[in-house]
Amino acid sequence: MIWWEERFLLDAAKMEKLYWSCVREAARGYRLTLNEISVLLFLRRYAPEWDTATDIVQQLGISKALVARSVDCLYRRGFVQGERDANDRRIVHLHLCGEGVTIAQQLYQSGCRVSEQLRRDVTEEEMQCVHEIMEKMQRNLDEILNKMEGQVK
């Protein structure tokens with residue numbers, strides 16, 4: 001592996017660790033698992049476009065069982081609610097409610113503070129380049145994961 005590729009992967013892992021550490025700290029008083037945090041942040045960002053357990057499984061790569069368990073715990077605590085689809089009663093649309101709205105916002109803001117710190121001294125032009133590169137890499141990642149998923153089935 002070329003040195004910059006190795007460095008990139010190590011730095012990406014460190015960024016993820018920092019992000020989750022800060023978000024977990026923001027959630028400390030609520031006794032949430034990482035998967036529950038992920039569900040709250042996902043719904044805050046993507047609902048109502050993507051708002052089903054299946055959407056969460058597909059987009060976050062978390063197993064169906066873990067998503068089901070997380071949604072169930074969040075539901076029992078009054079942080080999320082589900083509403084059956086009018087056209088297909090098998091589909092349940094999830095949304096944040098009650099304290100879940102506030103918690104998701106706090107978690108999001110914690111992540112934003114980390115992001116702001118990481119972008120310090122980085123110009124808008126440099127951020128645009130990073131964005132374009134990451135979009136290309138995301139497409140490659142999606143392609144790799146889809147191929148891997150096809151091999152497992």
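Here is how the numbers come out for the structure above:
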item	result
Mean ellipticity per residue at 222 nm, deg cm²/dmol - from DSSP H runs of n ≥ 4 across the chain, formula -39500 (n - 2.57)	-23500 deg cm²/dmol
4 °C / 1.567 mPa s Stokes-Einstein diffusion coefficient of segment 1-53, Kirkwood radius on C-alpha pairs, µm²/s	99 µm²/s
Charge sum, other residues only, whose C-beta stays under 14 Å from TRP50's C-beta, Lys/Arg counted +1 and Asp/Glu -1	-2
Nearest-ten-degree value, helix 124-152 long axis tilted from longest Cα axis of the chain	60 degrees
Rounded tilt (10° steps) of 99-118 against the dominant C-alpha axis of the chain	0 degrees
Pair GLN117, ARG28: separation of 7 Å Cα→Cβ label points (nm)	1.3 nm
FRET E, pair ARG89, ASP142, Förster distance 41 Å, beta-carbon r, rounded to 0.05	0.85
Carbon plus sulfur fraction of accessible area for segment 22-153, probe 1.4 Å, in percent	50 percent
Bins of 5 Å from zero: percent of alpha-carbon pairs in segment 60-108	5, 20, 21, 26, 20, 6, 2
Formal net charge of residues neighbouring LEU9 (Cβ-Cβ distance under 13 Å; K, R +1; D, E -1)	-1
Cα Rg, Dmax (largest Cα-Cα span) when computed across segment 86-127, Å	17.6, 51
Heavy-atom surface of the chain, accessible at 1.4 Å and reported per residue (Å²)	75 Å²
The chain - Kirkwood radius from inverse mean 1/r over Cα pairs (Å)	17.4 Å
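The values are calculated or read from the model by the stated rules, or taken from the named source; none is laboratory data. On a predicted model such as this, the values are computed, not experimentally measured, just so you know. FYI the Cβ positions are ideal-geometry reconstructions off the backbone, even for glycines, and counts take in every protein chain you see. SASA here: full protein model, heavy atoms, side chains in, ligands and nucleic acids out. Shrake-Rupley method; radii C 1.70, N 1.55, O 1.52, S 1.80 Å.
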